[in-house]
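To keep things clear, I will list the structure first and then write my remarks on it.
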Amino acid sequence: MKPSKIIKVSGPLVVAEGCAGAKMYDMVRVSEQKLIGEIIELKKDLAFIQVYEETAGIGPGEPVYLTQEPLSVELGPGLIGSIYDGIQRPLEVIRSVVGDFISRGIEMPALDLKKKWHIRPQVKSGARVVAGDILGVVSETPLIEHKIMVPPEMAGEIVEINEGEFSIREVFARIRTEEGIKEITLSQRWPVRKPRRVKEKSKPDELLSTGQRVIDTFFPVAKGGSACIPGPFGSGKTVVLHEFAKWADAQVIVYVACGERGNEVADLLLSFPELKDPRSGRPLLERTIIIANTSNMPVAAREASIYTGVTIAEYFRDMGYSVALMADSTSRWAEALREMSGRLEEMPGEEGYPAYLSSRVAEFYERAGKVVCLGSDTRTGALSIMGAVSPPGGDLSDPVVQATLRVVKVFWGLDEKLASARHFPAINWLISYSLYHENLEDFLKNNISADFIDLRKEAMRLLEEEASLLEIARLIGIESLSLEDRLVLEVAKSIREDFLHQNAFHEIDTHTSLLKQFYMLKIILEFYHLARERIKTEEDFEKIIKLPIREKISRMRYIPEDRLEEFKKIEEELKNSLAEYV
């Protein structure tokens, strides 16, 4: 058999001969520098390799080393709080060794091999276990109990299990299986392109609270759901995803900066250690994993970063956690696919994207879901995926946007006009939608109020009515409208400016609990109902819309979460203010 060697280099694409016996998506090492690559096409003994590092200076004749293993990630204690590049190399460790720039071909273990973790066994010797059963628990951070599970495809009897301090590669348990005795360590490897197994998928019926009023109230996403947020440059996609990462009601956050600009990732890295988890008061980094493959890092590795992030997220989901994954931005990943497709000389699809773009996007988002995890118990986990899309000029007919919308259930459409008017989040309530409303009805009735759903529907009706009334007002003037129509415009303006508008950089307004959202919307709509009953003359109308209580309504967003009783006082004052017009 002839040795594997390079015969062609075309940017991140390397063609090697002598690769008989290699399989699709096997990991390879390219050249004497041993750059990491992945086989993406095979023809006879030729392998077409996508290299995840800079290939400048590499030429034909250099060797290619086959590993006969798929590109995989290492999963175990030490993931939380880490910052990786697209192929799971720890960036902080690399920086401590080689400085601020990553050396080509550098190889670092993804997890600290020397650190000892204290494991507390959850089963005893002699117990029968199946794939997914929890063998032991490690306190990875004060927020996350890392559960060591029986690897998939394995079942048998516990021969030995020990409590104590172990590094991630040390054997702490042995299981007698049909193939013999298997040794269990704290870590396991998993191919990134292969979804992890589950018992079954369930209906997502629990709200993933994000603290963003326009999302939680009008366009909610369920735990285990999928959503996309397309929009033009500067419309606030990244800020919205950062807000999700900070405030989402998920136990573990995986943030994939897939082609995001370096300064935005730097902002994320600087702000996260300073921020406190709203439920525990601990640093947010203690429940967060960041995959940083920024726009100035190798283009091809954007694809790897997407798969690396979702595989790590699935691993924590399998422990029974609710996990939220943010991908910013899947357009950059699609551009990498387009570049590789062009270099492979494949027949292009729409706008030069490969014909398989839709299936790749679907494969990624379909890994979201609420599931019953593997194991003898009935624990459930959820993986929610939110992806930003950056279509050129905010064009929603872009192939990446359309391919994404065919799969996801929530669409948050960002609007350049709202962003220009400094209305953030710039989510256009007239084009956005959520298909989870029906699933979440029981959750909202049981946890907030049975009135929440009716309030949302009425508020949305007023916003839609405002859009048509503004068209009429432009033609005939606002004074020509009936008093009832003018009141609709006033209340819709209040919904927009006092409820939907939210300041991500204000310590109180940045996050709003569901209960506070309910109180805010209830008071705005109560003003509408009371005022509508009391409109008798034009003079009364002018007095009503200039009542001092409206100033308090406009400042409700700044009421802290620990002083929600103030809403009762505002409600009473509102009723008293309008009583004289009965």
#### Entry: Within the range 471-499, considering residues that are among the β-branched types (Val, Ile, Thr) and closer than 15 Å to ALA459 by Cα, the one surrounded by the fewest Cβ atoms within 10 Å (Cβ to Cβ)
VAL488
### Query
Any idea which of (1) open to solvent by less than 30 Å² (accessible area, probe 1.4 Å); (2) part of a helix (DSSP H, G or I) is the one MET386 doesn't satisfy?
(2)
### Message
Quick check on the range 390-411. Is at least one of its residues in contact (Cβ under 8 Å) with a residue 60 or more places away in the chain and at positive phi?
### Response
yes
#### Entry: Listing of strands (runs of 3 or more DSSP E) fully contained in the range 183-270 that carry 2 or more residues being open to solvent by less than 10 Å² (accessible area, probe 1.4 Å) and more than 17 Å from GLY320 (Cα to Cα)
226-230, 252-258
#### Entry: Number of the condition not met by VAL98 [criteria: (1) farther than 21 Å from PRO12 by Cα; (2) open to solvent by less than 20 Å² (accessible area, probe 1.4 Å)]
(2)
### Query
If you scan the range 309-337, which residues turn out to be out of contact with any helix residue (DSSP H, G or I) (no Cβ under 6 Å at 6 or more places or on another chain) and among the charged types (D, E, K, R)?
GLU314, ARG317, ASP318, GLU335
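Here are some residues: GLN68, GLN33, GLN50. Which one is open to solvent by less than 10 Å² (accessible area, probe 1.4 Å) and of a type in the set (S, T, N, Q)? Break it down stepwise before answering.
Working: GLN68 fails: open to solvent by less than 10 Å² (accessible area, probe 1.4 Å); GLN33 fails: open to solvent by less than 10 Å² (accessible area, probe 1.4 Å).
From the options GLN68, GLN33, GLN50, the qualifying one is GLN50.
Applying the selection to the range 550-582, what residues are farther than 15 Å from ALA531 by Cα and either in contact (Cβ under 8 Å) with a residue 24 or more places away in the chain or in a loop (DSSP other than H, G, I, E, B) (or both)? Break it down into steps so the answer makes sense when it comes.
First pass over the range 550-582, keeping only residues farther than 15 Å from ALA531 by Cα: 551-552, 554-570.
Passing the criteria: SER554, ARG555, MET556, ARG557, TYR558, ILE559, PRO560, GLU561, LEU564, GLU565, PHE567, ILE570.
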### Task
Evaluate the range 529-549: report whether one residue or more is open to solvent by 70 Å² or more (accessible area, probe 1.4 Å), within 26 Å of GLN502 (Cα to Cα) and touching a residue at least 24 places away in the same chain (Cβ under 8 Å).
yes
#### Entry: Spans of helices (runs of 4 or more DSSP H) in the range 413-516 with at least 1 residues free of Cβ contacts under 8 Å to residues at least 12 places away in the same chain, within 26 Å of the chain's Cα centre (by Cα) and closer than 24 Å to GLY224 by Cβ
437-447
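Would you check which residues across the range 151-176 are open to solvent by less than 20 Å² (accessible area, probe 1.4 Å) and assigned to a strand (DSSP E or B) and list them?
Filtering the range 151-176 down to residues open to solvent by less than 20 Å² (accessible area, probe 1.4 Å) leaves 156, 158, 164, 167-168, 172-173, 175.
Within the range 151-176, GLY156, ILE158, GLY164, PHE172, ALA173, ILE175 meet the criteria.
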### Message
Just checking, does the range 361-375 include any residue being at pLDDT 95 or above, open to solvent by 40 Å² or more (accessible area, probe 1.4 Å), of a type outside the set (Lys, Arg) and part of a loop (DSSP other than H, G, I, E, B)?
### Response
yes
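With GLU92, GLU74 as the choices, which residue is within 25 Å of ASN293 (Cα to Cα), touching a residue at least 24 places away in the same chain (Cβ under 8 Å) and either in contact with a strand residue (DSSP E or B) (Cβ under 8 Å, 6 or more places away or on another chain) or assigned to a loop (DSSP other than H, G, I, E, B) (or both)?
Values: GLU92 fails: touching a residue at least 24 places away in the same chain (Cβ under 8 Å).
Step by step, each of GLU92, GLU74 is checked, and only GLU74 is within 25 Å of ASN293 (Cα to Cα), touching a residue at least 24 places away in the same chain (Cβ under 8 Å) and either in contact with a strand residue (DSSP E or B) (Cβ under 8 Å, 6 or more places away or on another chain) or assigned to a loop (DSSP other than H, G, I, E, B) (or both).
Which residue, of GLY78, GLY105, is in contact with a Leu (Cβ under 8 Å, 6 or more places away or on another chain), at positive phi, surrounded by fewer than 19 Cβ atoms within 10 Å (Cβ to Cβ) and of a type outside the set (Phe, Trp, Tyr)? So that I can check it myself, show each step before the final result.
Values: GLY78 fails: surrounded by fewer than 19 Cβ atoms within 10 Å (Cβ to Cβ).
From the options GLY78, GLY105, the qualifying one is GLY105.
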### Message
Could you go through the range 54-64 and let me know if any residue there is polar (S, T, N, Q), crowded, with 23+ Cβ neighbours inside 10 Å and at pLDDT below 95.
### Response
yes
### Message
Among the residues that make up the range 317-329, is at least one of them open to solvent by less than 20 Å² (accessible area, probe 1.4 Å) and farther than 27 Å from ARG196 by Cα?
### Response
no
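Does LEU418 satisfy the criteria of being among the hydrophobic types (A, V, I, L, M, F, W, C) and either closer than 20 Å to LEU514 by Cα or touching an Asp or Glu at 6+ places or on another chain (Cβ under 8 Å) (or both)? Talk me through it step by step, then tell me what you get.
On the way: among the hydrophobic types (A, V, I, L, M, F, W, C): yes; either closer than 20 Å to LEU514 by Cα or touching an Asp or Glu at 6+ places or on another chain (Cβ under 8 Å) (or both): no.
No: the conditions fail for LEU418.
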### Query
ASP249: in contact (Cβ under 8 Å) with a residue 60 or more places away in the chain and charged (D, E, K, R), yes or no?
yes
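The values are calculated or read from the model by the stated rules, or taken from the named source; none is laboratory data. These numbers come from a predicted model, not from an experiment. When we count neighbours, we look across all protein chains shown, and the Cβ atoms used for this are built from the backbone with ideal geometry, even at glycine. What goes into the accessible areas is simple: the full protein's heavy atoms, side chains included, and nothing from ligands, DNA or RNA. Shrake-Rupley method; radii C 1.70, N 1.55, O 1.52, S 1.80 Å.
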